[in-house]
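Computed from the coordinates by the stated procedures, all read-outs in this text should not be read as laboratory data. Note that the coordinates shown come from a computational prediction; the quantities given were computed from them, not determined experimentally. Here the Cβ positions follow ideal geometry from the backbone for every residue, glycine too, while neighbour counts run over all protein chains shown.
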Amino acid sequence: MQNLKIKVNALIEGANKLEYLISNKLLLIDVLQKNAIANFILIKKRDKIGVKGKLKFNLRLTCSRCLTEFTKELVEQLDALFLPDDINKKIKKDELSYEDIQTSFYTGEEIDILPLILDTILLSIPMKPLCCENCKGLCPMCGKNLNEGPCECK
Ligand SMILES: [Zn+2]
Ligand SMILES: [Zn+2]
C-alpha cells in the first residue's frame, strides 16, 4: 500500500527534490483518472518544511451544457508549509504570518502530504465544467447536441 508519508530525518537541510506517482486507488476521487504526478521540492530549515511544486492530473468531467464526458488535464501549484506540532501549542494562530500558503502541523518524525494532494485536487474540480469555452449546449426543444451541428427546430 502506497502512502505519502515522508520521514523528516531522511531529508537533508535545504532543498530535497521529489517525484511521486500517486495512484487513484489511494486518492479515491471518482472524477480523477488514473494517476496524479506530483513534482516538488521539500525545503527543510531545521524543523520547518516548505513544499513547492506542481501536481499534474486528469479529471473525467461531464459538460454542464451539452452533457458530454470529457477529460481535462490540470496542473496545480503545490505550496504549503509544515511546522512541528509543538510550535502550534506554543504560539497563537494569529502570530503566524503565512497567510498565502497552506500551513499544516506534523507530529513525530514524518509529514503526510496526502491531505495536501487531496485538497489540491478537490479544490480544482469545477462546479460547472465546460467541454470547451464556447460550448453551444443542447437544444432545449429536441435535445440535440448543437456542437455537432444545427437542429431542425425553429
Ligand atoms: Zn459541452
Ligand atoms: Zn432542436
Flagged links, alpha-carbon separation over 21 Å, of LYS7/LYS34; LYS72/LYS128; LYS17/LYS52; LYS17/LYS54; LYS72/LYS144; LYS34/LYS136: LYS7/LYS34; LYS72/LYS144; LYS34/LYS136
Mind pulling the angle between the C-alpha long axis of helix 114-124 and the longest principal axis of the chain? Nearest 10 degrees, somewhere in 0 to 90. 30 degrees
Considering only DSSP beta bridges where both residues belong to the chain, give the percentage that are antiparallel (nearest 5). 90 percent
If you take every residue apart from LEU61 with its C-beta less than 9 Å away from the C-beta of LEU61, what net charge results, scoring Lys and Arg +1 and Asp and Glu -1? +1
Which of the listed residues, ILE43, LEU59, THR107, is farthest toward the dipole's positive end in the chain, when Lys, Arg count +1 and Asp, Glu count -1 at the beta-carbon? LEU59
Which whole-Hz couplings ³J(HN,Hα) result when phi for each residue of segment 20-25 is put into the Karplus expression 6.51 cos²θ - 1.76 cosθ + 1.60, θ = phi - 60°, listed in order with x for Gly and Pro? 10, 9, 9, 6, 4, 5
Charge dipole (debye, nearest 20) of the chain; +1 at Cβ of Lys and Arg, -1 at Cβ of Asp and Glu: 220 debye
Which far-off residues, 5 or more places away or on another chain, put their amide H under 5 Å from the one on THR103, with H placed in the peptide plane? LEU81
Alpha-carbon Rg with Dmax, taken over the chain, Å: 21.0, 70
